[in-house]
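Report on the structure given below.
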Amino acid sequence: MLLLRKFLATVIFLFVVAFFGVIFINLSVIGSKESVKIVSWYLLFVTIAAVLFSLNIKLNFPRWISISTIGLFTAFVCIAFILYNGVLMGEGDLRFYFSRYNAILQSNFQTSENLYSAVFPNTTTYPAILALISKLLGLSSARHFVPIGLNVLAGIIFNIYIYIYIPNKRYAYAAALISSLNPFWIIYTDTVNSELLFGTCILISFVEFARGNRAQTKIRWLHYALSVLFCGVSIVFRPLGIVFLIAVVIYLALDCKKDRLVEYSTVAIAFVLTWCIFGWINNVIVKQITSYDIGSPSFGWNLYVGASESGSWSKKDGDEFSEVFNKANNANDVQSYFSGKAFERYKEFGIIGTLKRVPMKISKAFVSIEYLSKELPESVNRGLYAGLISLYIIPLYSFAALGMVLTLVKNFMKGYFDFNLIIILFFIGVAIAFMFLEVAPRYTVSIHVLMILPAIMLFEKLLYRKIEK
């Protein structure tokens, strides 16, 4: 174990050296003043994070100071990026979110947009929440402030929960600062998207479940209630929350013992019922705004596009969608048509053909940084941002993969499952889902920011004191 710790420390040191080396090479080679400014800003963020961590090591910050500085640093990083770049509208779907948000504020809906929003319900519920908050706060005239403000707030909560989750508070502080430097979070904070809110809901649900699972007193039911609530809320932002629900239920089934049978059964039932309730609420909101019911199945189009040669949207598929959509009377007509066509495509591929496409689908969903950076507007330096994203994401994914493998191995060797299995099952489930569903850059933003959790597992097993069940 000591040898493994030394090896890990060496890897981290070499990565830090390489990170700053590449940064300074970029400063000298890229050439444009704009690029130098962007790199300099990111270097400033990294430097401030390093100073905060050093001060924490030296002064041993009290809990409230640690939480306060994490929140302030997260807000500073995101707001500095926003002020530097202005509002980034992003690609087509993100722009549609904003247009629907405006339409709901003005109660000005077009029939075609209403049907489209029923076909894709998250394009209604998320903008509806933005509109409600805008009206409650009297910010209808400052429309960009609400979605971006929510993203900044979500980032603060996300990183504070990272700090809360890890028992060793010095390492917890470092993990929260590292999470706040995630380029995906920084960039997408400046767009109208629901991915960051979805990721925050999943993190809160997981951490509260872990706290409830560890607690020995009746307070554990409060933690479980929060976990159940935020899992249900996640459906408002992204349907992938059902993967987390399934992961929780599987864990409860695997870890269930006689002394916790009633507790685990109650929690599992609460998760399922709450998910159903929020699904019903989601449908009510969509129908109230659009006058249409949500399509069933709701994943037909995404399955159809996922079965295409590229696994992502193409103009040919888009033209077919327009043709079917213009003839449809309701959302079911659209989704059921493409659901049937998707199964025809997969039938043509066969099992072998479908498996051969897995590397392409997974690489687009989780690895292709250039592909993900294309969602940024042309006005920003996509290549440079792709480079910064690579420097952060590639080591993070490496540590995350090692963390998940090591956690599984230790669990099997000791003959029990700890609650980290939930997040591992969640990532496995998401990877399986993207093997069949449409791959788009924004769909994986929440996954990228959540990858800090399995990366933490690696350090927890090697460096932190063990988290007792």
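The values are calculated or read from the model by the stated rules, or taken from the named source; none is laboratory data. For clarity, every value in this text was computed on a predicted model and none was experimentally measured. All Cβ positions, even for glycine, are placed from backbone atoms using ideal geometry, and neighbour counts span all protein chains on display.
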The lone exception for Y385 - which of (1) crowded, with 16+ Cβ neighbours inside 10 Å; (2) at pLDDT 75 or above; (3) under 30 Å from V39 (Cβ atoms); (4) of a type in the set (S, T, Y) it fails: (2)
Might you check whether a residue that is surrounded by fewer than 19 Cβ atoms within 10 Å (Cβ to Cβ), over 25 Å from C231 (Cβ atoms) and among the acidic types (D, E) occurs anywhere in the stretch 299-310? yes
Subset of the stretch 279-319 (residues that are in contact with an Asp or Glu (Cβ under 7 Å, 6 or more places away or on another chain) and of a type in the set (K, R)): K287
Would you check which residues across the stretch 192-237 are surrounded by 21 or more Cβ atoms within 10 Å (Cβ to Cβ) and in a loop (DSSP other than H, G, I, E, B) and list them? V192, N193, S194, F237
The stretch 397-416: number of residues that are touching a residue at least 24 places away in the same chain (Cβ under 8 Å) and surrounded by fewer than 20 Cβ atoms within 10 Å (Cβ to Cβ): 6
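Are any residues in the stretch 272-296 of a type in the set (S, T, Y), surrounded by 18 or more Cβ atoms within 10 Å (Cβ to Cβ) and under 22 Å from Y337 (Cβ atoms), and if so, which ones?
Filtering the stretch 272-296 for residues of a type in the set (S, T, Y) gives 274, 290-292, 296.
Imposing the further condition that a residue be surrounded by 18 or more Cβ atoms within 10 Å (Cβ to Cβ) reduces the set to 274, 290, 292.
Passing the criteria: T290, Y292.
Yes or no, residue by residue, for (1) in contact with a helix residue (DSSP H, G or I) (Cβ under 8 Å, 6 or more places away or on another chain); (2) crowded, with 20+ Cβ neighbours inside 10 Å; (3) assigned to a loop (DSSP other than H, G, I, E, B):
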position: T124; (1), (2), (3): yes, yes, no
position: I133; (1), (2), (3): yes, no, no
position: G149; (1), (2), (3): no, no, no
position: A154; (1), (2), (3): yes, yes, no
position: N159; (1), (2), (3): yes, yes, no
position: A175; (1), (2), (3): yes, yes, no
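Please enumerate the residues belonging to the stretch 391-430 that are closer than 26 Å to C256 by Cβ and either polar (S, T, N, Q) or in contact with a Lys or Arg (Cβ under 9 Å, 6 or more places away or on another chain) (or both). Before you say what the answer is, go through the steps one by one.
Residues of the stretch 391-430 closer than 26 Å to C256 by Cβ: 403-430.
Selection gives G403, L406, T407, K410, N411, Y416, D418, F419, N420.
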Does L406 qualify as being at pLDDT 85 or above, over 21 Å from S312 (Cβ atoms) and outside any loop (DSSP other than H, G, I, E, B)? no
Only one of these is farther than 30 Å from N420 by Cβ and within 27 Å of the chain's Cα centre (by Cα): I269, I285, I277. Name it. I285
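Consider the stretch 419-442. How many of its residues are modelled with pLDDT under 80 and either farther than 27 Å from T191 by Cα or in a helix (DSSP H, G or I) (or both)? Quick ask: steps written out before the conclusion?
Filtering the stretch 419-442 down to residues modelled with pLDDT under 80 leaves 438-442.
Among the residues that remain, those that are also either farther than 27 Å from T191 by Cα or in a helix (DSSP H, G or I) (or both) are: 441-442.
So the count comes out to 2.
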May I ask you to list the residues in the stretch 115-161 that are closer than 14 Å to Y97 by Cβ, hydrophobic (A, V, I, L, M, F, W, C) and under 18 Å from the mean Cα position of the chain (by Cα)? I148, L150
Here the residues within the stretch 299-319 that are in a loop (DSSP other than H, G, I, E, B) and closer than 12 Å to G340 by Cα are F299, A307
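Let's see how each residue does on (1) at pLDDT below 60; (2) of a type outside the set (G, A, S):
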{"residue": "L3", "(1), (2)": "yes, yes"}
{"residue": "F7", "(1), (2)": "yes, yes"}
{"residue": "I25", "(1), (2)": "yes, yes"}
{"residue": "S28", "(1), (2)": "yes, no"}
{"residue": "L43", "(1), (2)": "no, yes"}
{"residue": "K58", "(1), (2)": "no, yes"}
{"residue": "I70", "(1), (2)": "no, yes"}
{"residue": "V87", "(1), (2)": "no, yes"}
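Could you please find all residues in the stretch 238-271 being more than 27 Å from A440 (Cα to Cα), among the hydrophobic types (A, V, I, L, M, F, W, C) and surrounded by 14 or more Cβ atoms within 10 Å (Cβ to Cβ)?
Quick first cut of the stretch 238-271, residues more than 27 Å from A440 (Cα to Cα) only: 249-271.
When the remaining residues are screened for being among the hydrophobic types (A, V, I, L, M, F, W, C), the result is 249-250, 252-254, 256, 261-262, 267-271.
Across the stretch 238-271, the qualifying residues are V249, I250, L252, C256, V267, A268, A270, F271.
Looking at the stretch 250-270, is at least one residue assigned to a loop (DSSP other than H, G, I, E, B) and out of contact with any strand residue (DSSP E or B) (no Cβ under 8 Å at 6 or more places or on another chain)?
First, pick out the residues of the stretch 250-270 that are assigned to a loop (DSSP other than H, G, I, E, B): 256-257.
Retained after the next criterion (residues that are out of contact with any strand residue (DSSP E or B) (no Cβ under 8 Å at 6 or more places or on another chain)): 256-257.
Yes: one or more hits.
Yes or no: the stretch 321-334 includes at least one residue that is acidic (D, E) and outside any loop (DSSP other than H, G, I, E, B). Steps first, answer last, please.
Initially, the stretch 321-334 is screened for residues acidic (D, E), giving 323, 333.
Subset that is outside any loop (DSSP other than H, G, I, E, B): 323, 333.
Yes, because at least one residue in the stretch 321-334 is acidic (D, E) and outside any loop (DSSP other than H, G, I, E, B).
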